[in-house]
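The values are calculated or read from the model by the stated rules, or taken from the named source; none is laboratory data. What you are looking at is a predicted structure, and each value in this text was computed from that prediction instead of being measured. Methodologically, a virtual Cβ is constructed for each residue, glycine included, from the backbone with ideal geometry; neighbour enumeration extends over all protein chains shown. Each accessible area value is taken on the protein alone, full model and side chains, heavy atoms only, with ligands, DNA and RNA left out. Shrake-Rupley method; radii C 1.70, N 1.55, O 1.52, S 1.80 Å.
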Amino acid sequence: MHLLFIADPLESFKIYKDTTFAMMREAQARGHRLSVCEPKDIMWQRGAAVTAFVRDITLTGHSVDWFTALQQKPDERGQAIREFDAVVMRKDPPFDNEFFYATHLLEQAEREGAKVFNKPRALRDHPEKLAIMEWPQFIGPTLVTRDAQDIKRFHAEHHDIILKPLDGMGGTGIFRVKADGLNLGAITETLNQDGAQTVMVQKFLPAISEGDKRILVIGGQPVPFCLARIPQGGEVRGNLAAGGKGVAQPLSARDREIAEAIGPVLAQRGLLLMGLDVIGDSLTEINVTSPTCFQEIFDQTGFDVAAMFVQALEAAVANALA
């Protein structure tokens, strides 16, 4: 197959831990051809197919100069997106206006015959914070609001709470307010922009000390190991980007229950790959834009997550052609 990866600039990759790189490496090992572009390299002109200006690359196996490209710049070669056998959308968050527009361009490419994973509509329909609200049986006490009084009432009921922006990533903008309510008003004003922006508020889960578990689900099936991201140095956030320590471990019975309930439903909606975040027994986020942790799990357990993903991608393309 000829695969197009839509991602951040290759020069920004840290290949020792980058999940998109792991996907590419496995795909090349299985004989697939690789092309790459960024969302900004997608163009749609009147009367023409949605086109990507791409670089055709080969992985070298080296740690420094880790790829070679036939094109120095993407604008040297344009190709209709529908002509690729599969498109893997791997642009990192944030899910901003440009990401939103990219999903619309990719959805048009789908109408022209492209096969895009994860599906653009599914990316739009499942915002990573809000998507958990569909599954109340698996989440802790949670409030979504822009109203400061709602937040005060929630704090009065639960005493120890977490506040976060709906468009945050990597643990950015997450605050904890304990029973004393210190700075609750100022934090609320910062996050909700005086009522202009919506905020998610959740009861603090003490089990965060044991890790914020990333459970990967591929083709509706859970990877048998998760990565528990354990806060360090007095931090409340376990995100690796916020300094958390990643420890791979087998799924618990509760982890598997959550993954097996949610995974097949969201796979049917077009999410080939998702990352469920679980603290203790509670689901806290559903990551769909660019889930990570493939390499950390492989390095610690030997389970080849990238192989599972590329096999699922191959199967999905075959099913689409059947």
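A few comments on the model shown:
- Condition met for GLY280 (of a type outside the set (A, V, I, L, M, F, W, C), modelled with pLDDT of 95 or more and under 24 Å from GLY244 (Cβ atoms)): yes
- Conditions (1) part of a helix (DSSP H, G or I); (2) in contact (Cβ under 8 Å) with a residue 40 or more places away in the chain; number of the one not met by GLU260: (2)
- Residues that are under 17 Å from the mean Cα position of the chain (by Cα) and at pLDDT 95 or above, drawn from the range 48-97: VAL87, VAL88, MET89, ARG90, LYS91
- Of the helices (runs of 4 or more DSSP H) entirely within the range 107-207, those holding at least 3 residues that are farther than 23 Å from ILE258 by Cα and open to solvent by less than 40 Å² (accessible area, probe 1.4 Å) occupy 148-158, 184-192.
- Identity of the residue in the range 275-308, acidic (Asp, Glu) and outside any helix (DSSP H, G or I), that ends up most open to solvent (accessible area, probe 1.4 Å): ASP281
- Residues (over 12 Å from ILE57 (Cβ atoms), of a type outside the set (S, T, N, Q) and more than 14 Å from the chain's Cα centre (by Cα)) located in the range 12-21: LYS14, ILE15, TYR16, LYS17
- Cβ separations smaller than 9 Å between residues 6+ apart or across chains give the following pairs from the range 93-104 residues that are among the aliphatic types (A, V, I, L, M) to residues that are open to solvent by 70 Å² or more (accessible area, probe 1.4 Å): ALA102/LYS40.
- Selection count, the range 12-68, where residues are farther than 25 Å from PHE99 by Cβ, among the hydroxyl-bearing types (Ser, Thr, Tyr) and either open to solvent by less than 80 Å² (accessible area, probe 1.4 Å) or part of a strand (DSSP E or B) (or both): 3
- Residues that are open to solvent by less than 50 Å² (accessible area, probe 1.4 Å) and hydrophobic (A, V, I, L, M, F, W, C) within the range 93-106 comprise PHE99, ALA102, LEU105, LEU106, listed in sequence order.
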